[in-house]
Amino acid sequence: MNIVAITEDDWAALREIRLAALADAPRAFGSTVDRERAFGEERWREWTRRAQVFLGVVDGVPKAIAAGMLEAGEVQLISVWAAPGARGTGLASATISAVIDWACAEGHPRVRTWVVEDNPTAARLYERLGFQTTGTRMPYPNDPTIDKIELIRKLSP
């Protein structure tokens, strides 16, 4: 297992794992595989310029993704996913931890993320990594009958 920070030159690997994530867990994200499949190379390169993207790699193959994006002066943890065969191995935790470590090294006071209320597995993962619910909820854009729950991880200076 290896966690790597990617650059825009790794756009094809980002595209491949992101499309796999959207196909595997469409309710976990605010986008769709059909929408992002249409993105061209420049859009994927832009993704890596707007966010610090980490891939969890096993035997040379990306199996997990997590990214940190600066938004309103805070780090937003986005695009978290692990391939079904990598779940329960610690790869997702290590990939998320890379985002947390990056945010801390950059001097940010906290990392914020959202989890769909009907995904208790993801909520438990975040809680094990020190995230706490804030009590803030909002309708999930792809299905307004369920909510997203906000979680925050405070960082030490």
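All of the numbers you see were taken from the coordinates with simple rules; none came from a lab. If you're wondering where the values come from, they're calculated on a predicted model, not measured in any experiment. Neighbour counts are summed over all protein chains in view; Cβ atoms, including those assigned to glycine, are modelled from backbone coordinates with ideal geometry.
Worth pointing out:
- Sum of side-chain charges, residue 45 neighbourhood, beta-carbon under 9 Å (Lys, Arg +1; Asp, Glu -1): -3
- Alpha-carbon Debye profile of the range 6-99, log10 I(q)/I(0) at 0.16, 0.21, 0.23 Å⁻¹: -0.62, -1.09, -1.30
- Percent of beta bridges antiparallel (DSSP, the chain, rounded to nearest 5): 95
- Note on the range 10-141: dipole from Cβ charges, positive end direction compared against 93, 64, 136; the farthest Cα belongs to 136.
- Loop-resident sites, the range 57-157, for GluC sites (Glu not before Pro), counting at most 15 other Cβ within 10 Å (DSSP): 106, 117
- Database remark: amide H of residue 75 closer than 5 angstrom to the amide H of 110, 112 (H placed geometrically; neighbours at sequence offset of 5 or more, or on other chains; Pro and chain starts carry no H).
- Taking the C-alpha atoms of the range 80-157, convex hull volume expressed per residue in Å³: 99
- Helical segments meeting 20 Å axial Cα length and Kyte-Doolittle -1.0 threshold in the chain (DSSP H): 91-105
- Calculated semi-axes √(5λ) of the Cα gyration tensor in Å (choose from [x] 22, 19, 16; [y] 27, 23, 17; [z] 26, 17, 15), label: [x]
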